[in-house]
Amino acid sequence: MLKGLAPLTICAIVLVICGTAWAQESAKVKPELVDVDSPMPVFKGIENAWKNADSEKLSRYAGEARIYLNVEGMEKEPGYFSKSQFYYLFKKMFTNNRQTKFEFVRYHNIDRSDRKVFGIAHRNYKNSRSGKLFQDKVYVTLKKEGERWVVAEIKTTS
């Protein structure tokens, strides 16, 4: 009977030692502190995702509600779209247009967490088929959904 318990005892000791080491290692990793009252981390995340033509990261800022999109280069009529449609529309747009610049230059209502806030970005992109260069302004509106800021709408103007 002791022969059967010895391997179990050894396994238990190894698990305790490994588990303790893992817990100590995990404690060293601090989660990123994000100010849920400030929309700025979301604007920065959107800027980085757009610059890198990363529709997956960009769609992380979509909430559960439908998002209004009226974006030049998207080749889609303006309207309200779900989070998954948002992802696929941007994926297609980033495939068809090489983003050469996307930078927020102005923000409005940033210090008013009880309202929608918006940022204005300058964007340059090149259409892959025609080779034409385009430049416009992108208006990104955020709203609170629970405790987090999410995209409510994205519109462009020449």
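Coordinate-derived values only; no laboratory data. Keep in mind it's a predicted model, so treat the numbers as computed, not measured. Here the Cβ is made from the backbone with ideal geometry for all residues, glycine too, and neighbour counts use every protein chain on show.
Loop only by DSSP, 11 or fewer other Cβ within 10 Å of the Cβ. Give me the chymotrypsin sites (Phe, Trp or Tyr not before Pro) in the stretch 129-158 that pass, ordered by residue number. List each step's numbers first, then the result.
On the way: sites: 134, 139, 149; in loops: none.
Filter output for the stretch 129-158: empty list.
Would you kindly work out the equivalent ellipsoid of the stretch 40-157 from its C-alpha gyration tensor and give its semi-axes, the square roots of five times the eigenvalues, largest first in whole Å? Before the final figure, lay out each step's value.
Values: eigenvalues 104, 48, 28 Å².
Equivalent-ellipsoid dimensions as semi-axes: 23, 16, 12 Å.
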